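Visitor: The structure under discussion is supplied below as structure tokens; questions concerning it will follow.
Every read-out reported here was derived from the displayed coordinates using simple, explicitly stated rules and does not represent laboratory data. In this text, all values refer to a predicted model and were calculated from it rather than measured experimentally. FYI the Cβ positions are ideal-geometry reconstructions off the backbone, even for glycines, and counts take in every protein chain you see.
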Amino acid sequence: MLYRSLFLSLALAACTPGNDVITHYDDWTDFNEFVTPEHEVFRDRKAIMTVRPVIITRGGQRAYGVLTNIRRRVPNGPMVETMYSGDIRLHYQKHDTLWSHCIDGCQRAEVGVIHLSEAAFHAAAVTGLPIRVQGRRGRYHGTVPGALFQRVLDVG
């Protein structure tokens, strides 16, 4: 009963306004992850792009980035070639291509991460991070709001 009460109080605390950073500890890999819920930064009739600033820690080391999810609502999935912020080419790494959001049919998605330095992550907390994506099946653009980076910094 005590564990159930503790779990319920933690679950309710996670739902309080302003506490929208998801924290996760993986005891197998010893990684701590601090990430925001998905935030939509681009939508047109063919595609949607969502982002999630993230900090991952392990053994005193930290990694900073933005998780991306670009999905197409038309046949053929996205194929990201490059990402830019202004004239700076971002270090993007594709993680997977998958089917997602299967409600009335499924959408093809490419998920990945934009690797950022600690300084770039802190700067983005002030200015936001404009992103321009170029791919074989579309171009997408949007800005990750600075407040999302700051929320992760406040918790992580």
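Visitor: Please compute the modelled spin-label separation between E40 and K94, points set 7 Å along Cα→Cβ, answer in nm with one decimal.
Guide: Label at K94, label at E40, 2.5 nm between them.
Visitor: Counting other Cβ atoms within 10 Å of each Cβ, which chymotrypsin sites (Phe, Trp or Tyr not before Pro) in the range 18-68 have at most 14 and sit in a DSSP loop?
Guide: Listed in order of number, the matching sites are W28.
Visitor: Could you list which residues have their amide H under 5 Å from that of T36, counting only those 5 or more apart in sequence or on another chain, with H placed in the peptide plane?
Guide: Amide H to amide H, under 5 Å and 5 or more residues apart or across chains, T36 pairs with I22.
Visitor: Still on this structure, please answer the following. Got a sec? Which residues in the range 37-69 would a label at A123 touch, if it sits 7 Å along Cα→Cβ and we count backbone N under 19 Å?
Guide: Within reach of a label on A123: 53-55, 63-67.
Visitor: Apply the Karplus curve 6.51 cos²θ - 1.76 cosθ + 1.60, θ = phi - 60°, to the phi angles in the range 26-33 and return the couplings in whole Hz, x for Gly and Pro.
Guide: Values, residue by residue: 9, 6, 6, 9, 6, 8, 10, 10 Hz.
Visitor: How far apart, in nm, are the 7 Å Cα→Cβ label points at V74 and Y25?
Guide: 4.8 nm
Visitor: Report the trypsin sites (Lys or Arg not before Pro) located in the range 54-156 that are in a DSSP loop and have at most 13 other Cβ atoms inside 10 Å of their Cβ, or state none.
Guide: Those satisfying the criteria are R136.
Visitor: Amide H neighbours of R137 under 5 Å, at least 5 residues apart or on other chains, H built in the peptide plane: list them.
Guide: M79
Visitor: So what is the relative contact order of the range 65-156, in percent, for Cα pairs below 8 Å that sit 6 or more residues apart?
Guide: Relative contact order for the range 65-156 comes out at 31 percent.
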